[in-house]
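This report concerns only the one structure given below.
Every number in this text was worked out from the coordinates using simple rules, so none of it is lab data. The model shown is predicted, which means the values in this text are computed figures rather than measured ones. Here the Cβ positions follow ideal geometry from the backbone for every residue, glycine too, while neighbour counts run over all protein chains shown.
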Amino acid sequence: MNTDIQPLRIVITGGSSGIGESTAFEMAKSGHSFYLTGRNEERLLQICNELKTLGCEAYYGVGDVGVEEDVEKHFQDAKEKLGGVDVLFANAGVGYFGNLEDLTIEQYDAQFNTNVRGVFLWINKVLPLLKDQNKGDIIVTSSNLGLKTGARCSLYAGSKHAVQAMVWCLRDELKGTGVRAATINPGSVDTPWFNGKDVNRSKMLAVEDIAKAVRFIIDQDETSNIDHILLLPGKQ
Ligand SMILES: NC(=O)c1ccc[n+]([C@@H]2O[C@H](COP(=O)([O-])OP(=O)(O)OC[C@H]3O[C@@H](n4cnc5c(N)ncnc54)[C@H](OP(=O)(O)O)[C@@H]3O)[C@@H](O)[C@H]2O)c1
């Protein structure tokens, strides 16, 4: 562990799996403290215990990122347990794919409540605190589908374009402050997201690729303000 590094208080939504989990372990190499959220308590508990064995403070909150009461409770809990927040990694997300006429209203609600409302709620709560301290990072997991479109992606790409625009507008609002906002925009990443699906995972990005990109954003100097990082698979 590098003891020269300033310890950060990092909130990760969707910390129970995939990109969120991997990012926690990547950042744990530099110490730091964590508050992870998700709905799967067993996984959150297991990951927090592993982070603690690495010497990090780690807490979790169980709930739905699209439910205001849950986010408010987790935000207050994170502030109290960590003593503040320096980094919000708004990463929780789901994906519903298919031709538009085959998608359901229930899928629409789940898609936008998680991927858009969940991101809005967290940023909305954390931002005043970060602005008060004139320092902090907000990183949102968008997608390559936040920057382009494609068949069978209407709901998912719609949700990611929405958070992409949200972050770009926020960046304009943050000009002149010490608070930064950025997105990461991965192509397909080999995560539990694809469990049980008939897809070739061997050519996908690894979760560690995304975790390192998030670290790169968090670790950038004050002279830098990354807008987004687009990651595409190296194996074609
Ligand atoms: N995998 C890819 O190819 C890929 C590519 C580009 C972008 N992304 C984005 O990456 C992010 C993370 O996905 P992943 O690939 O790491 O998938 P994952 O392993 O399925 O992780 C998704 C995470 O989101 C959480 N989550 C989902 N719905 C939630 C809800 N309603 N309330 C609270 N937490 C919720 C899950 O926690 P619980 O299960 O505990 O609720 C889990 O921790 C998503 O935003 C996704 O859109 C993924």
In degrees rounded to 10, the 0-90 angle between helix 18-28 Cα long axis and the longest Cα principal axis of the chain is 20
Nearest 10 degrees, 0 to 90: what angle lies between the long axis of helix 68-82 and the longest principal axis of the chain (Cα atoms)? 30
What do you get when you divide the Cα radius of gyration of the stretch 9-231 by 2.2 N^0.38 Å, with N the number of residues? 0.96
Can you tell me the orientation of helix 207-219 relative to the chain, as the angle in degrees between its alpha-carbon axis and the longest Cα principal axis, to the nearest 10? 40
Could you calculate the contour length gain from PHE194 to ASP221, that is, 0.36 nm times the residue separation minus the distance between their Cα atoms, to one decimal place in nm? 6.2 nm
Total charge dipole magnitude, the stretch 9-231, about the Cα centre, Cβ charges on Lys, Arg, Asp, Glu only, Debye to nearest 20: 420
Tell me which of GLY158, LEU100, ASN134 sits at the most positive position along the dipole axis of the stretch 96-186, charges placed on C-beta atoms (Lys, Arg +1; Asp, Glu -1). ASN134
Any idea which of LEU44, TYR60, GLN236 is furthest toward the positive side of the dipole for the chain, if Lys and Arg beta-carbons carry +1 and Asp and Glu beta-carbons -1? GLN236
List every residue whose amide H lies under 5 Å from the amide H of ALA181, counting only residues 5 or more places away in sequence or on a different chain, with H placed 1.01 Å from N in the peptide plane. ILE138
